[in-house]
């Protein structure tokens with residue numbers, strides 16, 4: 001999306017109003033987000049996200065590593081530079097009360113959780129074929145992210161968007177405030193991401209589905225030994241099942 005000067009001016013004006021708890025025409029507050037305000041303009045396909053330092057540790061991290069908004073912008077730019085889908089940064093700035101804001105282009109498609117629980121929930125015919133294609137393509141995408149040294153701080157199924165274009169899937173990684181680059185990423189970091197992605201109940205994704213994803217992911221990280229790969233797969237699965245059971249989701 002190319003942003004002209006008129007739209008940029010509107011974005012900065014909208015930021016001031018959204019930060020003051022106003023809701024300009026065309027904007028909706030995204031529900032269920034804690035810790036900061038997120039709004040969406042469906043017609044313009046733009047998201048607004050407000051950042052604030054929530055603790056002295058946040059202030060220290062901001063001094064050392066940059067503010068949350070800055071880290072989000074830098075991570076998105078770095079991901080796109082190596083060909084990994086991330087939301088395009090459109091406008092940003094400071095707000096009263098040590099707050100900042102960032103406008104980004106909305107990701108195309110739907111998040112992976114919606115795909116698996118609704119769009120391709122069926123297990124027959126063309127729906128099943130698309131489902132299998134999605135899981136394999138997702139494994140390749142996440143494997144590429146890790147193989148290039150990027151490790152998202154958040155990698156739940158709702159943090160990856162997928163759009164199916166001309167029988168191929170294109171992915172966008174969102175919520176990149178805590179995405180870091182480390183080459184090679186540690187096994188602990190990879191495990192944390194795999195654990196988060198596994199946080200979907202068996203009704204939404206079977207063990208065969210999970211293995212289809214994992215095999216495609218594994219092909220992108222040839223440096224992992226077979227034993228390391230098996231340990232990661234088993235630990236991620238069992239941790240996710242235990243976590244969902246303890247939280248009442250199973």
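Tell me yes or no: at least one residue of region 174-186 is modelled with pLDDT under 95, on the phi > 0 side of the Ramachandran plot and not assigned by TED's automatic domain parsing to the domain that holds residue 71. Yes, there is a match, as at least one residue in region 174-186 is modelled with pLDDT under 95, on the phi > 0 side of the Ramachandran plot and not assigned by TED's automatic domain parsing to the domain that holds residue 71.
If you check 31, 68, 87, which single one turns out to be touching a helix residue (DSSP H, G or I) at 6+ places or on another chain (Cβ under 9 Å) and at pLDDT below 95?
Details: 31 fails: touching a helix residue (DSSP H, G or I) at 6+ places or on another chain (Cβ under 9 Å); 87 fails: at pLDDT below 95.
None of the others qualify; the one that does is 68.
Considering region 204-228, the residues that are in contact (Cβ under 8 Å) with a residue 40 or more places away in the chain and not in a helix (DSSP H, G or I) include one that is surrounded by the most Cβ atoms within 10 Å (Cβ to Cβ), namely 205. The residue pairs whose first member lies in region 167-191 and is more than 12 Å from residue 155 (Cβ to Cβ), whose second member is surrounded by fewer than 19 Cβ atoms within 10 Å (Cβ to Cβ), and whose beta carbons are closer than 6 Å, counting only pairs six or more residues apart or on different chains, are 169/137; 170/163; 181/149; 182/149; 183/149. The set of residues in region 95-137 that are in a loop (DSSP other than H, G, I, E, B), closer than 21 Å to residue 161 by Cβ and either modelled with pLDDT of 95 or more or outside the structural domain of residue 220 (by TED's automatic domain parsing) (or both) comprises 106, 107, 108, 109, 120.
If only residues of region 122-150 that are surrounded by fewer than 20 Cβ atoms within 10 Å (Cβ to Cβ) and touching a strand residue (DSSP E or B) at 6+ places or on another chain (Cβ under 6 Å) are counted, the one that is nearest to residue 109 (Cα to Cα) is 137. For region 85-103, the set of residues classified as surrounded by 20 or more Cβ atoms within 10 Å (Cβ to Cβ) and under 23 Å from residue 146 (Cβ atoms) consists of 85, 86, 87, listed by residue number.
The values are calculated or read from the model by the stated rules, or taken from the named source; none is laboratory data. Keep in mind the model is a prediction, meaning the values are calculated, not measured. In this analysis, Cβ positions are derived from the backbone assuming ideal geometry, glycine residues included, and neighbour counts consider all displayed protein chains.
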